[in-house]
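Beneath this line is the structure, given in structure tokens, with notes to follow.
The values are calculated or read from the model by the stated rules, or taken from the named source; none is laboratory data. Everything numeric in this text was worked out from a predicted model, so none of it was measured. Here Cβ is always computed from backbone atoms with ideal geometry, including for glycine, and neighbour counts include all displayed protein chains. For accessibility, only protein heavy atoms count, side chains too; no ligands or nucleic acids. Shrake-Rupley method; radii C 1.70, N 1.55, O 1.52, S 1.80 Å.
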Amino acid sequence: MKKPFIVGNWKMNLSLKDAVKLAGEIKSFAGNMVNTHIGICPPAVFLSDIFKVITGSNVILGAQNIHFEDNGAFTGEISGLMIKDVGCTHTILGHSERRHVFGETDEFINKKLKKCFVDDISPIFCVGETLDERENGKTNDVIEGQLQNGLKDTNTADAKKLTIAYEPVWAIGTGKTASPEQANEVHAFIRDFLSKKYDANIASDIIIQYGGSVKPDNIRDLLMQNDIDGALVGGASLKSDSFLEMIEIANSI
Ligand code: PGA
């Protein structure tokens, strides 16, 4: 099994004080763990402060989104160079909330993904189907389309920096988790796609995280699946007790 990669997606939550406290607790508990990669993606305005807190540990800092331009008249946006400037090595891209609430298309996400590779940022690229799509038997088609379009014009060197997060939209923030077997089936489908697009060795090295109501009581069974290499955690990453418990479980597998 690969070293699991557990990332907290804090979304638009926490005050600066609480974010700094949480990052400090993560650093002291898990900052030097060797069997698990740990990342946190705080709100963009907190990144500089959080970077200072986690400096000197193995905790990875990521943003939740970037724009594909370096600078310019893009009110409200931040660039890859900006997040690098404040200590990020990673960013989430194509999260279902960006797709469904803010109307981001595969083409738009693809531009940002390619910019990550130019800027040497590792993207955590999210894909996932809605409940309606799943119930209509379209899961694989939807995932394939998101992968095909999102990863368009990327090469094997790019793929080495890539993490994929499979996040069924119906499982995000709903308390409903895909069963480990259900999730693994899609992960295996994603790995097969990556193997055809890049090559089998690269595909087997790419971390494919599961996301969607991951909690301390389901993370072990998810991570025990062959093709599940980590987790992108929303709600349960906002409290140190539950996040640290999940990290401890991941580290012990
Ligand atoms: P959740 O969110 O763990 O609260 O379901 C996961 C995500 O959106 O990344």
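Scanning for something of a type in the set (Phe, Trp, Tyr) and within 16 Å of the ligand (Cβ to nearest atom), does the stretch 182-197 turn up at least one residue?
Checking the stretch 182-197: not a single residue is of a type in the set (Phe, Trp, Tyr) and within 16 Å of the ligand (Cβ to nearest atom).
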For the stretch 116-123, check the following and say yes or no: at least one residue is in a loop (DSSP other than H, G, I, E, B) and surrounded by fewer than 23 Cβ atoms within 10 Å (Cβ to Cβ).
yes
Looking only at the stretch 171-195, which residues are under 13 Å from Ala231 (Cα atoms), out of contact with any Leu (no Cβ under 7 Å at 6 or more places or on another chain) and open to solvent by 10 Å² or more (accessible area, probe 1.4 Å)?
Ile172, Thr177, Asn184
Show me the helices (runs of 4 or more DSSP H) found entirely inside the stretch 174-253 where at least 2 residues are within 21 Å of Ala30 (Cα to Cα) and in contact with a Pro (Cβ under 8 Å, 6 or more places away or on another chain).
216-223, 240-252
With the requirement that a residue be over 13 Å from Leu162 (Cβ atoms) and among the charged types (D, E, K, R), what does the stretch 184-212 give you?
Glu185, Asp192, Lys196, Asp199
Cβ-Cβ under 9 Å, sequence separation 6+ or interchain: first residue in the stretch 179-193 and closer than 16 Å to Val214 by Cβ, partner among the acidic types (Asp, Glu) and at pLDDT 95 or above. Which pairs?
Ser179/Asp221; Pro180/Asp221; Ala183/Asp227; Asn184/Asp227; Val186/Glu129; Val186/Asp227; His187/Asp227; His187/Asp229
Pairs needed: first member in the stretch 215-226, within 15 Å of the ligand (Cβ to nearest atom); second member anywhere, of a type in the set (S, T, N, Q) and part of a helix (DSSP H, G or I); C-beta distance under 7 Å; at least 6 residues apart or different chains.
Lys215/Ser242; Pro216/Ser242
Within the stretch 69-81, does at least one residue satisfy the condition of being within 16 Å of the ligand (Cβ to nearest atom) and touching a residue at least 40 places away in the same chain (Cβ under 8 Å)?
no
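Quick one: count up the residues across the stretch 226-247 that are over 16 Å from the mean Cα position of the chain (by Cα) and either at pLDDT below 95 or open to solvent by less than 40 Å² (accessible area, probe 1.4 Å) (or both).
Final tally of qualifying residues: 3.
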Taking the condition of a type outside the set (Asp, Glu), modelled with pLDDT of 95 or more and farther than 25 Å from Lys111 by Cβ, does Leu223 pass?
yes
Within the stretch 1-35, the residues that are within 16 Å of Leu61 (Cα to Cα), among the basic types (Lys, Arg) and under 17 Å from the mean Cα position of the chain (by Cα) are Lys11
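Tell me the helices (runs of 4 or more DSSP H) entirely within the stretch 126-170 that contain at least 1 residues that are free of Cβ contacts under 8 Å to residues at least 40 places away in the same chain and surrounded by 17 or more Cβ atoms within 10 Å (Cβ to Cβ).
Those helices (runs of 4 or more DSSP H) span 131-135, 139-150.
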Failed item, numbered, when Cys41 is tested on (1) within 11 Å of Cys88 (Cβ to Cβ); (2) touching an Asp or Glu at 6+ places or on another chain (Cβ under 7 Å); (3) of a type in the set (A, V, I, L, M, F, W, C):
(2)
